[in-house]
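What follows is a single structure, written as structure tokens, with notes after it.
Laboratory data are not the source of any read-out in this text; all were calculated from the coordinates shown. Everything numeric in this text was worked out from a predicted model, so none of it was measured. As a convention, Cβ positions derive from the backbone with ideal geometry for all residues, glycine included, and neighbour counts pool all protein chains shown.
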Amino acid sequence: MKIELIQLQRHGDYRGGLIALEQNENVPFQVKRVYYLFDTAAGVRRGMHAHRNLQQLVIAIRGCCHFLLDDGQERHELCLDDPSQGLLVRPGMWREMYDFSKDCILLVLADQLYDERDYIRDYDEFLAMCRS
Ligand code: TYD
């Protein structure tokens, strides 16, 4: 499985950090939606779904969390803990997020508006989709 991590340029200086996210530049799609996960309760596992068409760029802009990606054949786990790294999550990838630090803010940019019909929340259904 190819893990697509995008290195985001830091423009920060002695005053502090600054990273800009630009549609079709360092974000490789048209951005239609932005959301963020924060105040995640201890021990919680989130995600546990795949998307049929949605693409996302995920950035831990504060703190850290673990991210599992599964393409139906391989699973890969990584730690997101760097605000200058964006994880690209393509359609058809099962994802789970866990071990959130108390201060974690996980920013997600998406190329579609929220649409429950785009979700695959059943793992067996996900595997069947991967095989077809
Ligand atoms: P959910 O998909 O369960 O979050 P995650 O997969 O990251 O654990 O979403 C939680 C709730 O928020 C659910 O009721 C749907 C709603 N929601 C929106 O209304 N808009 C959004 O863009 C997202 C991502 C979720």
Calculated from DSSP helices alone, with each H run of at least 4 adding -39500 (n - 2.57) and the total divided by the residues of the chain, [θ]222 nm to the nearest 500 comes to -2000 deg cm²/dmol
Using the Kirkwood formula over every pair of different C-alpha atoms, what hydrodynamic radius in Å results for the chain?
-> 15.4 Å
Env charge @ residue 98, Cβ radius under 10 Å, K,R +1 / D,E -1, value -1
Distance in nm between residue 81 and residue 34 label points, each 7 Å along Cα→Cβ, equals 2.6 nm
Between Rg and the Kirkwood Rh of the stretch 48-123, both from Cα atoms, what is the Rg to Rh ratio?
-> 0.96
Starting from the Cα of residue 25, step 7 Å toward the Cβ, then list every residue of the stretch 70-97 with an amide N under 18 Å from that point.
-> 84-86
P(r) weight above 18 Å for the stretch 1-75, C-alpha pairs, percent = 56 percent
Assigning unit charges at the beta carbon (Lys, Arg +1; Asp, Glu -1) and nothing else, what dipole magnitude in debye, to the nearest 20, does the chain show about its Cα centre?
-> 160 debye
In this structure, the FRET efficiency calculated for residue 62 and residue 4 from their beta-carbon separation, with R0 = 25 Å, to the nearest 0.05, is 0.70
Here the gain from full extension of residue 90 to residue 119, 0.36 nm per residue of separation minus their alpha-carbon distance, amounts to 9.1 nm
In a Debye calculation with equal point scatterers on the alpha-carbon sites of the stretch 50-94 and no solvent, what is log10 I(q)/I(0) at q = 0.15, 0.29 Å⁻¹?
-> -0.38, -1.06
